Amino acid sequence: MAQTVSLSATARAKTGKGAARQARFQKQVPAVIYGHGRPTQPLMVDALALEKALTGIEPESTLIDLTVDGKKARALIREIQRHPLRPDIIHVDFYEIKADEKVTLKVPVHLVGTPDGVRNAGGVLDQVTREVEIEVLPEHIPDRVELDVSALKIGDSLHTRDLTIANAVILTGADLTIATVVPPRAEEVAAPAAETATEVAEPELIRKVREGEEGEEGEAAPAPEGKAAPKAEEKPKGKKEE
């Protein structure tokens, strides 16, 4: 079942960027609550209390007992905005829910176990999808969905259709891949790379040997550019060639 946390908020009379900056300066986080045809209501939440409440939970699948100026409402967090350079929360959207009405939300998928292909064949587990969308009554909202991957061999995959969520309808497509085990490709790529390096080096070695060889007997080898060629070996004078 989903966790429940309690938060207090106050109505915010002023809106806009200037008012939001002022609220943050006072260690308050601007927020809104909406849902069930009610007009969107601007709020402020204590920044420290909000961070503490959200620590160690899955925000999108956690029920929020929100008290606004003494009036209680049950809500879900629809969106959390954070500062682009710091971890500070700068805005929160709350969505009010009713106990007897189904809600649509995303819940995280948690993989359980170590795949056979990882243990015995050196494969790598790749989690492709980390959350799925469901429709469920508030009382049955799970905090997460667990999926056992221990039987997976290299090349095996698990999909949305392999998930079981009690009292909920899974809206995410049944064929969507959740996790797969892939072979260890790094070693396979490294070996051909080493062979290629050897093949490239050999012509260089041959070329250097040929550059140092002389031409036909009695002729000097070609000189490097910018240097005079060495003189050919002179034959002893006074002797006839046989």
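Note on region 164-185: among residues that are out of contact with any helix residue (DSSP H, G or I) (no Cβ under 6 Å at 6 or more places or on another chain) and closer than 11 Å to Gly123 by Cα, the one that is modelled with the lowest pLDDT is Arg185. Residues in region 111-139 that are out of contact with any helix residue (DSSP H, G or I) (no Cβ under 7 Å at 6 or more places or on another chain), part of a loop (DSSP other than H, G, I, E, B) and either more than 30 Å from Pro184 (Cα to Cα) or in contact (Cβ under 8 Å) with a residue 40 or more places away in the chain (or both): Pro115, Gly122, Val128, Thr129, Leu137.
Would you confirm whether any residue within region 101-110 is over 25 Å from Gly37 (Cβ atoms), aliphatic (A, V, I, L, M) and part of a loop (DSSP other than H, G, I, E, B)? Scanning region 101-110 turns up no residue that is over 25 Å from Gly37 (Cβ atoms), aliphatic (A, V, I, L, M) and part of a loop (DSSP other than H, G, I, E, B).
The residue pairs whose first member lies in region 158-177 and is in the same structural domain as Glu139 (by TED's automatic domain parsing) and surrounded by 15 or more Cβ atoms within 10 Å (Cβ to Cβ), whose second member is small (Gly, Ala, Ser) and assigned to a loop (DSSP other than H, G, I, E, B), and whose beta carbons are closer than 7 Å, counting only pairs six or more residues apart or on different chains, are His159/Ala174; Thr160/Gly173; Thr160/Ala174.
Looking only at region 92-130, residues that are out of contact with any strand residue (DSSP E or B) (no Cβ under 7 Å at 6 or more places or on another chain) and polar (S, T, N, Q) come to 2 in all. If you go through region 126-184 and pick out every residue that is among the polar types (S, T, N, Q), on the phi < 0 side of the Ramachandran plot and more than 23 Å from the chain's Cα centre (by Cα), you end up with 1.
Being modelled with pLDDT of 90 or more and under 31 Å from the mean Cα position of the chain (by Cα), is that true of even one residue in region 37-46? Yes, the conditions are met somewhere in region 37-46.
Among the residues of region 1-35, those that are farther than 15 Å from Ile64 by Cβ and in contact (Cβ under 8 Å) with a residue 60 or more places away in the chain comprise Ala20, Arg24, Pro30. Does Glu96 satisfy the condition of being surrounded by 13 or more Cβ atoms within 10 Å (Cβ to Cβ), touching an Asp or Glu at 6+ places or on another chain (Cβ under 6 Å), among the acidic types (Asp, Glu) and within 25 Å of Ile170 (Cα to Cα)? No, not satisfied. Restricting the search to strands (runs of 3 or more DSSP E) fully inside region 1-76 and requiring at least 2 residues that are of a type in the set (Gly, Ala, Ser) and surrounded by fewer than 14 Cβ atoms within 10 Å (Cβ to Cβ) gives 4-11.
The values are calculated or read from the model by the stated rules, or taken from the named source; none is laboratory data. Everything quoted here is computed from the prediction, not taken from an experiment. We place every Cβ from the backbone using ideal geometry, glycine too, and count neighbours over all the protein chains shown.
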